[in-house]
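Encoded as C-alpha coordinates, the structure appears first; notes follow it.
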Amino acid sequence: MTPPLKNVWLIDDDKIFQFTATMILESTGLTKTVHTFLNGKEAMNFLTDSKTNQNTQLPDIIFLDINMPVMNGWEFLEEFQQFSGTLSHPIKIYLVSSSVDESDIIESKKYPSITDYVIKPLNRNKCCQLLSGQDK
(Lines give C-alpha, C1' and ligand atoms only; values in the text may rest on other atoms or scores of the structure.)
Protein backbone atom coordinates (compact mmCIF):
# COMPACT_ATOMS: atom_id res chain seq x y z
CA MET A 1 0.00 0.00 0.00
CA THR A 2 1.30 3.46 -0.93
CA PRO A 3 1.56 5.95 1.96
CA PRO A 4 -0.56 9.10 1.65
CA LEU A 5 0.99 12.08 -0.14
CA LYS A 6 2.62 14.61 2.17
CA ASN A 7 2.54 18.39 2.37
CA VAL A 8 6.17 19.36 2.94
CA TRP A 9 7.81 22.60 4.04
CA LEU A 10 11.48 23.38 3.45
CA ILE A 11 12.76 26.11 5.76
CA ASP A 12 16.28 26.97 4.62
CA ASP A 13 18.01 30.17 3.50
CA ASP A 14 20.05 28.38 0.83
CA LYS A 15 18.16 28.72 -2.46
CA ILE A 16 20.28 26.05 -4.15
CA PHE A 17 19.42 23.58 -1.39
CA GLN A 18 15.76 24.57 -1.68
CA PHE A 19 15.80 23.94 -5.43
CA THR A 20 17.59 20.60 -5.30
CA ALA A 21 15.65 19.35 -2.26
CA THR A 22 12.36 20.33 -3.91
CA MET A 23 13.31 18.42 -7.06
CA ILE A 24 14.33 15.37 -5.01
CA LEU A 25 11.18 15.47 -2.87
CA GLU A 26 8.92 15.81 -5.90
CA SER A 27 10.74 12.98 -7.69
CA THR A 28 9.76 10.55 -4.92
CA GLY A 29 6.10 10.70 -5.88
CA LEU A 30 5.30 10.93 -2.17
CA THR A 31 4.64 14.69 -1.92
CA LYS A 32 1.43 16.56 -2.55
CA THR A 33 3.00 20.01 -2.16
CA VAL A 34 6.41 21.45 -1.31
CA HIS A 35 6.49 25.00 0.12
CA THR A 36 9.78 26.82 0.67
CA PHE A 37 10.67 29.53 3.17
CA LEU A 38 13.95 31.44 3.48
CA ASN A 39 13.84 31.72 7.28
CA GLY A 40 11.92 30.60 10.31
CA LYS A 41 9.98 33.86 10.61
CA GLU A 42 8.44 33.49 7.13
CA ALA A 43 7.39 29.94 7.97
CA MET A 44 6.10 30.86 11.43
CA ASN A 45 3.99 33.68 9.99
CA PHE A 46 2.54 31.30 7.39
CA LEU A 47 1.96 28.62 10.02
CA THR A 48 0.18 31.08 12.30
CA ASP A 49 -2.00 32.26 9.42
CA SER A 50 -2.70 28.64 8.44
CA LYS A 51 -4.12 27.90 11.88
CA THR A 52 -6.87 30.48 11.33
CA ASN A 53 -7.39 29.92 7.59
CA GLN A 54 -9.10 26.57 7.07
CA ASN A 55 -8.30 26.63 3.32
CA THR A 56 -4.54 26.46 3.88
CA GLN A 57 -2.87 23.07 4.19
CA LEU A 58 -0.70 22.60 7.25
CA PRO A 59 2.48 20.67 6.57
CA ASP A 60 2.80 17.02 7.43
CA ILE A 61 6.59 17.30 7.45
CA ILE A 62 8.98 20.22 7.93
CA PHE A 63 12.63 20.10 6.91
CA LEU A 64 14.23 22.80 9.09
CA ASP A 65 17.72 24.27 8.77
CA ILE A 66 19.49 25.49 11.90
CA ASN A 67 21.49 28.52 10.70
CA MET A 68 19.34 31.13 8.98
CA PRO A 69 18.97 34.91 9.18
CA VAL A 70 15.98 36.65 10.80
CA MET A 71 14.81 33.55 12.76
CA ASN A 72 17.03 30.49 12.96
CA GLY A 73 15.90 26.89 13.42
CA TRP A 74 16.23 26.92 17.20
CA GLU A 75 14.13 30.10 17.48
CA PHE A 76 11.52 28.59 15.17
CA LEU A 77 11.34 25.49 17.37
CA GLU A 78 10.87 27.60 20.52
CA GLU A 79 7.86 29.35 18.98
CA PHE A 80 6.53 26.17 17.40
CA GLN A 81 6.46 24.35 20.75
CA GLN A 82 4.21 27.02 22.25
CA PHE A 83 1.26 26.19 20.03
CA SER A 84 1.99 22.84 18.34
CA GLY A 85 -0.54 21.10 20.60
CA THR A 86 -3.35 23.21 19.15
CA LEU A 87 -2.72 22.15 15.53
CA SER A 88 -5.19 19.89 13.73
CA HIS A 89 -2.58 17.16 13.25
CA PRO A 90 0.97 16.40 14.37
CA ILE A 91 3.81 17.70 12.22
CA LYS A 92 7.08 15.80 11.88
CA ILE A 93 10.10 18.08 11.97
CA TYR A 94 13.45 16.96 10.62
CA LEU A 95 16.32 19.22 11.56
CA VAL A 96 18.42 19.28 8.40
CA SER A 97 21.90 20.69 8.68
CA SER A 98 25.39 20.43 7.27
CA SER A 99 26.62 20.63 10.87
CA VAL A 100 28.05 17.43 12.29
CA ASP A 101 28.74 19.25 15.56
CA GLU A 102 27.79 16.91 18.40
CA SER A 103 26.43 19.87 20.42
CA ASP A 104 23.82 20.56 17.70
CA ILE A 105 22.76 16.93 17.69
CA ILE A 106 22.50 16.90 21.49
CA GLU A 107 20.57 20.20 21.47
CA SER A 108 18.10 18.78 18.93
CA LYS A 109 17.19 15.97 21.35
CA LYS A 110 15.83 18.58 23.80
CA TYR A 111 12.92 19.32 21.47
CA PRO A 112 10.13 16.73 21.50
CA SER A 113 8.82 18.12 18.20
CA ILE A 114 12.00 17.03 16.35
CA THR A 115 11.62 13.62 14.76
CA ASP A 116 15.25 13.27 13.70
CA TYR A 117 18.48 15.12 12.89
CA VAL A 118 19.43 14.69 9.23
CA ILE A 119 22.84 15.69 7.87
CA LYS A 120 22.90 17.37 4.46
CA PRO A 121 22.88 16.70 1.61
CA LEU A 122 19.51 15.02 1.20
CA ASN A 123 19.26 12.24 -1.34
CA ARG A 124 16.29 10.53 -2.94
CA ASN A 125 16.59 7.33 -0.88
CA LYS A 126 16.68 9.24 2.41
CA CYS A 127 13.71 11.39 1.34
CA CYS A 128 11.72 8.28 0.38
CA GLN A 129 12.49 6.83 3.82
CA LEU A 130 11.43 9.98 5.67
CA LEU A 131 8.29 10.60 3.61
CA SER A 132 7.09 7.02 3.91
CA GLY A 133 7.52 7.03 7.69
CA GLN A 134 10.45 4.62 7.76
CA ASP A 135 12.66 7.14 9.52
CA LYS A 136 13.32 5.08 12.64
> How do the pairs read when you match residues in the stretch 13-36 that are of a type in the set (Gly, Ala, Ser) with residues anywhere that are crowded, with 16+ Cβ neighbours inside 10 Å, using Cβ under 6 Å and keeping only pairs 6 or more apart or on different chains?
Replying inline: Ala21/Leu10; Ala21/Leu122
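Restrict the check to the stretch 24-35 and report whether at least one residue is among the hydroxyl-bearing types (Ser, Thr, Tyr), more than 27 Å from Ile106 (Cβ to Cβ), in contact with a strand residue (DSSP E or B) (Cβ under 7 Å, 6 or more places away or on another chain) and surrounded by 18 or more Cβ atoms within 10 Å (Cβ to Cβ). Explain how you work it out, then say what you get.
From the stretch 24-35, those among the hydroxyl-bearing types (Ser, Thr, Tyr) are 27-28, 31, 33; that's our starting set.
Now restrict to residues that are more than 27 Å from Ile106 (Cβ to Cβ): 27-28, 31, 33.
When the remaining residues are screened for being in contact with a strand residue (DSSP E or B) (Cβ under 7 Å, 6 or more places away or on another chain), the result is 31, 33.
Those still in the list that are surrounded by 18 or more Cβ atoms within 10 Å (Cβ to Cβ) too: 31.
Yes, the stretch 24-35 contains a residue that is among the hydroxyl-bearing types (Ser, Thr, Tyr), more than 27 Å from Ile106 (Cβ to Cβ), in contact with a strand residue (DSSP E or B) (Cβ under 7 Å, 6 or more places away or on another chain) and surrounded by 18 or more Cβ atoms within 10 Å (Cβ to Cβ).
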> In the list Thr115, Thr33, Thr48, which residue meets the criterion of being farther than 16 Å from Val8 by Cβ and not basic (Lys, Arg)?
Replying inline: Thr48
> Would it be correct to say that Leu64 is under 16 Å from Asn7 (Cα atoms) and at pLDDT 95 or above?
Replying inline: yes
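Filter the stretch 99-111 for residues that are surrounded by 13 or more Cβ atoms within 10 Å (Cβ to Cβ) and assigned to a loop (DSSP other than H, G, I, E, B) and give the result. Break it down stepwise before answering.
Looking only at the stretch 99-111, we keep the residues that are surrounded by 13 or more Cβ atoms within 10 Å (Cβ to Cβ), and these are 99, 104-105, 107-108, 111.
Within the stretch 99-111, Ser99, Tyr111 qualify.
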>> Checking Ser50 against (1) assigned to a helix (DSSP H, G or I); (2) under 17 Å from Tyr117 (Cα atoms), only one condition comes out false. Which one?
In response: (2)
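The values are calculated or read from the model by the stated rules, or taken from the named source; none is laboratory data. None of the values given here were measured: they were computed from a predicted structure. Don't worry about glycine lacking a Cβ; one is built from the backbone with ideal geometry, like all the others, and counts go over all protein chains shown.
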